[in-house]
Every structure is written in C-alpha cells, then in structure tokens.
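Worksheet: the structure to be examined is printed underneath.
Computed from the coordinates by the stated procedures, all read-outs in this text should not be read as laboratory data. Because the structure is predicted, anything quoted here is derived from the model rather than measured. When we count neighbours, we look across all protein chains shown, and the Cβ atoms used for this are built from the backbone with ideal geometry, even at glycine.
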Amino acid sequence: MAAMAGERSERTYRLEPLDDSGIFLGLGLTQCALIGGGLTVGVAALTAGVVLPVAAVPVLVAALVSFTRLGGHPTWEWVPLLAGWSWARWRRGRQWVAPLPLWPTGDAAAPMPPCLAGLDIVGIDWRAGSTLGAIRDRHRHTLTAVVPVSGPQFVVAPRPEQERLLAGWGDLLGQYAVERGVVTHLSWSDLAQPSGLGDHLAWIDSAGRGTPNPVAVDSYRQLLELGATSAINHQVVVSITVARDRLARHHSRTNRGDEPLQRALITAVEALLRGLQSADLAAGDPHDPPGLQRLIRTRIDPLDARPRPRHGRLVDRLAHLRSSTAGPMAVEGDWRHLRVDGAYHRTWWVGTWPRMAVPPSWLEPFLSGGGVTRSMTVYFRPVSTFQSRRRIERDLVKLESDAATKQDKGRRVDARHRRATQALLDREEELVAGYPEMGYVGLVCVSARTLEELDEHAEIVEQLAREAGMDLRLLDARQDLAWAASLPLGLAPATLLAL
C-alpha cells in the first residue's frame, strides 16, 4: 500500500472541442437564414396566388443547401465561400506584382500585397544603444514584436520535467488574461526545414584536416545520407501584439500618435522575456528592424533560406536586406494554393484537436516528421475572467435550452452535445480554481517549389496530422489571407479576435 501511495499519476491534457452547436437546434446562422428565407419566399408566393408546387421550390432549395454536402464541405458553406472568393477576386485581383522603381528610393518601406496591406516595420528605442523592431499594422492599429526562442530537449526530458515546462508556459500565457490588458494576442511559430546535413558533408570534402581514412569516410557519408531524410532544422519565434484600442482612455485622448502604444509594447516585451526565462526557455533579444526583414524574407520563400556563410564578406554573413526589398515581389492566388515569389504555399487551420487526453509531447511527431518544409503557427488570445465567465454562462444557457427543445420535440441529445456541456462545466471549475481561459487557433502552412511537390507534401502533412489526432481543414478560396495569418506578423485570424 505504501508503494502504491508513493506512485505518481502522470498528467494528461485535454483540448476543448470546437463549439459547433449552432444557434438553434444545432443549426448555424447561415442555415437558419437560408431556411427562414426559403420559408418567407414560399409563404409570400402562396399569398400571391402561386401554385403550391412552384411556391415550395424555395423551401426545398433552402433545405437542400442547408442539409447536404458538396465537394467535402456542407453545401451551405459554399454560399459565403463563393461570395468571399468573388469579392476578393474583384477587390484584390488574382495576381499582384510589386511596383519596380525606376531609380533608388532610399530606405522606403517595401510594397505589400493586399493580404499584407497596411504592414510596415518600425524601430523603437529600447535598451541602451539597441532598437526594438516592431511590425506596425496601420489598419488594425497594432504593434507586434517577435522574439526568437529555443528550449531544452523537451522530448527526451523525463515526464515530470515535461509537465513542469508546460506549466511554466501556461503561467506565461496566464499573466496576460487580465481586465483591460493591452496585449491582444500572442503566438508561437515553428518553421521546420529539412537540414540536409550539408555542413557535415562539406566538412568531409574539405581539405586541411589531415589524411582521411577512406573506409571511415565512406561509412560516415552513408550515415549522413541515411540521416539526411529525417534531419529537421527548427526556427521558433514567439510574437506578442498590443492594440491601441486597449490603451487607457486618457492616453487615447491626450496623444493619438504611436508613442503610448510603443511604450506599451516595450513593457509587454519585457514581461514576455521575464516569463520566458521563468519557463526555462532561452529567449534571444527581440528582432530589430533588419532582423524582422530577414524573418519576412525567410517565411516568404523558406525553400531558399540558406544558413549564413561563416566566412567571406561581412555583408554576406549578416544577410543584409534593405527595407524596400523585404516584402514579396509577386503573389498569385488560387483556390487551393498561393504562389509567392518562387514558392507555392498551402495553408490549413486545425479544425479538430485531439479528442482524447494526450501526453505532454503529443505534438512532437507532427512537428518533426515528414521531411517537408512547413510552418505551424498557434495564436493565443487571453480572455479575462469576466469575459470568460460571461461566455461560459451564455454557452451553457444555449446548450441547456437546445437540449430542452430537442427533448420537447422528441429528438435525442447526442454525445457531442453532452461532451460540449461537460467541457464548459470543466472550464468553469478551472476558472474558479484560478486558471484563466485562453482562446487558441492553429494554422499549418506547407511550402514547395512545384505544384506536384506541394500536393505530395500536403498528403504527408495531412497524414501526420491524422496520426496526431488533428483534423486539418484546407482554407479554400482564402489561401492569401490564410498564408498571411500563418506568418509571425501579428495577423491573427478574425475568428480568434471575435472570441
């Protein structure tokens, strides 16, 4: 008994299911609008003296669109999808090409495509002699800073150490879930690229290392060729975004410039660095403006991102870029992919997270497998205690009312409905215990040099996601906006900001 009492139970993690209960009897807003519109038109037609078979056509069409599936989507989803696609093609066009100046323009900001419109890079005086780079969104009135981050070997750490590291990351996020906080969202973004072990192969072929042993060289080369398919290089950054509309009112009245927002960003970055250190994560200095320019160029064409040379000219080792050339040169959008400069991109959002409880390192096979170039970005939106309590009460009332309506009409309350209710009750208990709520959304972007390669790599990533318990949903007709949101530039999806 003493031995059993001394055993430690391993902690698992359960992710909250996506709320798809709808607004009435499981029907979404678009479905209710379609059915209501069909009934209205049908009744109006009958009132006007139209024969019943003809008057019933709008009702039948509305029911058909609301309850059938077409091309892997519910048919009703095609209505806003096609409308948005047509509007985007009319407003933004299918292709965009950066204007080329006839003479040097100095240090002007890079022209941006419509999906990145309003973004530029600014420098903020930070610590003594250093500059904090920030991505300014002139449309949303936000500033975003980006911090490169690395950590211990999480996968090989003991289970208690993994749980401790995750608890530290949770504490870091929880400090921003406060009333009237200036931080609107945070994100982490991991760019994974096959490394190819090129440095090791170059070392084998280099001179000046004595007389090599041919047998040992051949054996080492075979080992490198075998490991090249699984060697992955990760570049992880954490971004933090502050918004002007969250500043104190007296700042908004007295100063409409960016100075109060810049001070708020500096304060948020300092708190982020302290939190990362407390979570045992190694954080570098936030990117300065040239660092942000290099980051943008790397994400625009990750297939062309090569390690900096260790020898040669200083300008080559620093990978110097001008601000006027940091953005994309050409963008071409399609229904299922986006071409930016010389790379094709395809972006999904994580529609379903694992339904079962998972261990701390459950995401590692997805992040490190496949041998393809891809990025994963997860946005977190801190939710204050007051907002979280109101949302829980609202959703519980909706689910209970929906269940009562189904029972009155003789319909059963299914397991999905019961699980959603239980998830809200669990969330309420966690909130009372002092654990703040955090809205989150994940985006996955695969990059390739050709369309054939993109399709092949997309199948690999989708299979890896299924093995990890995730359901990736392709963002058809919105690939330009999806790709922009997958960049660590603070462009959180609108669905997250609407929480």
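Kirkwood radius for segment 11-91, taken over all pairs of different Cα atoms as the inverse mean of 1/r, rounds to 14.9 Å. Peptide packing: for 236-247, 279-290, 483-494, 430-441, the average count of neighbouring Cβ atoms within 10 Å per residue gives the ranking 483-494, 236-247, 279-290, 430-441, highest mean first.
Highest mean first, the peptides 294-300, 165-171, 367-373, 82-88 sorted by other C-beta atoms within 10 Å per residue fall in the order 294-300, 367-373, 165-171, 82-88. Sorting the segments 119-129, 378-388, 153-163 by their mean number of nearby beta carbons within 10 angstrom, highest to lowest, gives 378-388, 119-129, 153-163.
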